[in-house]
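The values are calculated or read from the model by the stated rules, or taken from the named source; none is laboratory data. Bear in mind that the values here come from a model prediction, so they are computed numbers and not experimental data. Neighbour counts run over all protein chains shown; Cβ positions are idealised from the backbone, glycine included.
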Amino acid sequence: MGLFGKKSGEEQQADKRTSYADHPVFTLTTGMSTDQVAERIGPATETKTAAEVAAEFAGPGAVIDPAKLDPEEYWSYDDTPEGFNVAVLFREGLLTEVRVRKNGTNDIVARIDDQGLAAAKSYRGALHANRL
């Protein structure tokens with residue numbers, strides 16, 4: 001606690017990280033169906049198939065063989081929780097991975113996969129997570 005009973009910037013950041021831990025995205029687990037995920041965290045901001053994502057990265061005129069792509073679907077959530085973007089990966093209709101990034105960066109601050117929840121150092125305590 002700082003002077004005059006005000007919380008320091010570091011204490012305020014710690015409180016924010018703790019409130020993120022209560023967000024339903026951190027209750028997702030691998031193997032959940034698309035319906036279960038939508039019920040838990042709502043409709044995605046955007047959904048794409050693996051072929052659509054591959055086409056974006058391959059560029060115009062590229063030939064993509066759908067037979068070589070895993071049956072994947074990507075859901076993205078903007079500003080969920082506030083200040084973060086969430087990417088959810090499904091394979092054959094079941095959740096396989098969740099990545100949480102700070103808005104405007106590619107830095108993953110938390111990930112959920114078959115190993116459970118992992119988080120960057122400053123979020124680990126608040127999320128009760130393993131090392132990222």
Legend entry - Enumeration of residues in segment 75-117 that are among the small types (Gly, Ala, Ser) and either touching a His at 6+ places or on another chain (Cβ under 7 Å) or modelled with pLDDT of 90 or more (or both): SER76, ALA87, GLY93, ALA110, GLY116
Inset, instruction - Say whether the condition of being surrounded by 11 or more Cβ atoms within 10 Å (Cβ to Cβ) and at pLDDT 85 or above is met by at least one residue in segment 61-72. - result: yes
Inset, instruction - Tally the residues that are more than 18 Å from LEU89 (Cβ to Cβ), assigned to a strand (DSSP E or B) and within 14 Å of the chain's Cα centre (by Cα), restricting the search to segment 115-132. - result: 0
Inset, instruction - Tell me, please, whether a residue that is surrounded by 11 or more Cβ atoms within 10 Å (Cβ to Cβ), at pLDDT below 85 and touching a strand residue (DSSP E or B) at 6+ places or on another chain (Cβ under 7 Å) can be found in segment 41-57. - result: yes
Legend entry - Matching residues, segment 86-118, being touching a Gly at 6+ places or on another chain (Cβ under 9 Å) and surrounded by 17 or more Cβ atoms within 10 Å (Cβ to Cβ): LEU95, THR96
Inset, instruction - Scan (1) buried (at least 17 other Cβ atoms within 10 Å of the Cβ); (2) in contact with a strand residue (DSSP E or B) (Cβ under 7 Å, 6 or more places away or on another chain) for the single condition PRO81 breaks and write down its number. - result: (2)
